[in-house]
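*Asks:* The structure's right below; bear with me while I get my questions together.
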Amino acid sequence: MQRCCTVNWDDVAKLKALDRIPLATQRALFSALLQSTPTAPGTTVSRTVAAGVPVAWVVPPRLHCDALLFYLHGGGYSWGSIRSHFSFVSQIASTVGCKALLVDYRRAPEHPFPAAFNDALAAYRWMCHREPDSRIAIVGESAGGGLALSLMLALKHSDALPEAACLLSPWVD
């Protein structure tokens, strides 16, 4: 029987070495890696605060629909930000032709659960109040996908659910 892959224990040891790199440096490296994605031409970003949560409106030059994307970034609940994900979200917003709200939820370990969830809920409600007639799609990637799913489960009992959701490699259990 052939093995599908082999484990290089030297590589595993290198991953364990991440514990010795300060969290701020890990975040900076993660952000730099994601910023290598080109920003969609003509896209603008406007930062604001939504119910106490830092957010950014990502707006492509041509809007084709009245839908809004509510974007929750990935990063294992401890990495990722508006800065790291702006370019990626600009590509999605430009392709779809609609505005996106990128949420800069609080991250662990400084802000443990349920801080990220509370921020997502507050920002979503703020967006719904500010844009009451818009069709909303929640988009979440990795940890943001798990956060998006948790948010939708919470919303189904008392708030307006989004019209659509897209979970990109969601981190779920």
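*Asks:* Whether any residue in the stretch 98-117 is among the β-branched types (Val, Ile, Thr) and modelled with pLDDT of 95 or more is what I want to check.
*Replies:* Yes.
*Asks:* So which residues in the stretch 22-50 are in contact with a Leu (Cβ under 9 Å, 6 or more places away or on another chain) and open to solvent by 40 Å² or more (accessible area, probe 1.4 Å)?
*Replies:* Scanning the stretch 22-50 gives a single hit, VAL45.
*Asks:* Looking at the stretch 103-121, which of its residues are closer than 13 Å to LEU147 by Cα and open to solvent by less than 50 Å² (accessible area, probe 1.4 Å)?
*Replies:* VAL103, ASP104, TYR105, ALA115, ALA116, PHE117, ASP119, ALA120, LEU121
*Asks:* Next question. Step by step: first the residues of the stretch 66-85, then only those that are surrounded by fewer than 21 Cβ atoms within 10 Å (Cβ to Cβ) and free of Cβ contacts under 8 Å to residues at least 60 places away in the same chain, then the one that is farthest from LEU155 (Cα to Cα). Which residue is that?
*Replies:* Ranking the qualifying residues of the stretch 66-85, first place goes to ARG83.
*Asks:* Now for a different question. Scan the stretch 138-148 and give yes if some residue there is open to solvent by 60 Å² or more (accessible area, probe 1.4 Å), acidic (Asp, Glu) and at pLDDT 95 or above, otherwise no.
*Replies:* Among the residues of the stretch 138-148, not one is open to solvent by 60 Å² or more (accessible area, probe 1.4 Å), acidic (Asp, Glu) and at pLDDT 95 or above, which makes the answer no.
*Asks:* Can you confirm whether the stretch 102-120 contains a residue that is farther than 23 Å from LEU23 by Cα and part of a helix (DSSP H, G or I)?
*Replies:* no
*Asks:* In the stretch 147-171, which residue that is among the polar types (S, T, N, Q) and in contact (Cβ under 8 Å) with a residue 12 or more places away in the chain is farthest from VAL89 (Cα to Cα)?
*Replies:* SER150
*Asks:* Shifting gears a bit: Across the stretch 125-136, what is the total count of residues that are part of a strand (DSSP E or B) and surrounded by 19 or more Cβ atoms within 10 Å (Cβ to Cβ)?
*Replies:* Residues in the stretch 125-136 being part of a strand (DSSP E or B) and surrounded by 19 or more Cβ atoms within 10 Å (Cβ to Cβ): 1 in total.
The values are calculated or read from the model by the stated rules, or taken from the named source; none is laboratory data. This structure is a prediction, so every number in the text was calculated from the model and none was measured. In this analysis, Cβ positions are derived from the backbone assuming ideal geometry, glycine residues included, and neighbour counts consider all displayed protein chains. Heads up: the accessible areas ignore ligands, DNA and RNA and are worked out on the full protein's heavy atoms, side chains in. Shrake-Rupley method; radii C 1.70, N 1.55, O 1.52, S 1.80 Å.
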